[in-house]
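I have placed the structure first, in the form of structure tokens, so that the comments after it can refer back to it.
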Amino acid sequence: MLNLVIFGPPGAGKGTQSNKIIEKYNLMHLSTGDILRAEIASKTDLGNEAKKFIDKGELVPDNIVIGMIRKIIERNISGNGFILDGFPRTIEQANALDEMLNNKKIPLSKMLFLDVDHEELIKRLLSRGKDSGRSDDQGLSIIEKRINIYHQQTKPVLEYYEKQNKAYKINGIGTVDEIFDRLCKVIDK
Ligand code: AP5
Ligand code: MG
């Protein structure tokens, strides 16, 4: 199995590159952001709760997100493997993921960190905000807030995987295809 985590700040290209990776390697795409937005659209209890945080650009509480991923990993993991996009995003989530995977005897292959500078992130998200309909893309202040929260709460997850020798840093600047080639080289290594 090939089991990956794709990691990086808001706007780094996690979703864009995941779509290409799942096609080439035939993996399951688990994006917590996409799952939460689908819950919001369906107006489920989980969605209504998550909306309060997403609309403000804040992280949804760990217990909610961990419970959601736990259900998927315990029931639905099969085939060639998966790519986790947007999870784990806190040390608590990283610990919970290790525990879930250990229980299922599923190894995590690699963590792919897309490195993109602040200015480029802002540029991409402001541009996407024009037509994405995403509440958290609307305006500079909420985008800046998401990036700040990434630095405070999410960046430590990189060190967590560096200690396990699983983190690979990839230059996330360039065309989508150039970045995809860099990712494939690391995945195939
Ligand atoms: P989530 O949906 O995960 O959003 P995010 O991490 O903020 O990242 P984005 O999806 O905005 O960016 P991306 O890295 O996927 O980049 P993309 O490919 O889209 O999370 C949203 C919210 O949900 C969180 O704030 C939180 O509230 C909640 N949440 C989710 N997971 C959670 C968790 N685990 N715990 C707690 N809360 C959680 O690209 C961005 C743009 O750039 C696009 O327009 C794209 O076309 C463009 N682009 C991509 N690549 C390039 C390139 N090479 N050159 C130029 N433009 C490019
Ligand atoms: Mg995304």
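Since every read-out is calculated from the coordinates, none of them should be taken as a lab result. Everything quoted here is computed from the prediction, not taken from an experiment. In this analysis, Cβ positions are derived from the backbone assuming ideal geometry, glycine residues included, and neighbour counts consider all displayed protein chains.
General remarks:
- Spin-label pair LYS169-THR44: with each label point 7 Å from Cα along the Cα-Cβ axis, the two points sit 3.7 nm from one another.
- Here the Kirkwood formula, the inverse mean of 1/r across different C-alpha pairs, assigns segment 3-72 a hydrodynamic radius of 13.2 Å.
- Label-reachable residues, segment 41-69, where backbone N falls under 19 Å from a point 7 Å from SER141's Cα toward its Cβ: 52-59
- Taking amide H as placed 1.01 Å from N in the peptide plane, PHE82 has its amide H under 5 Å from the amide H of LEU2, ASN3, LEU4, MET28, each at least 5 places away in sequence or on another chain.
- Magnitude of the charge dipole for the chain, about its Cα centre and with charges confined to Cβ atoms of Lys, Arg (+1) and Asp, Glu (-1), is about 280 debye.
- Long-range Cα-Cα pairs in the chain (distance over 30 Å), rounded percent: 14 percent
- Contact order, relative form, for segment 1-100: 43 percent (alpha carbon pairs under 8 Å, 6 or more residues apart, mean separation divided by residue count).
- Segment TYR25-GLU178, length gained on full extension (0.36 nm per residue, minus Cα span): 53.3 nm
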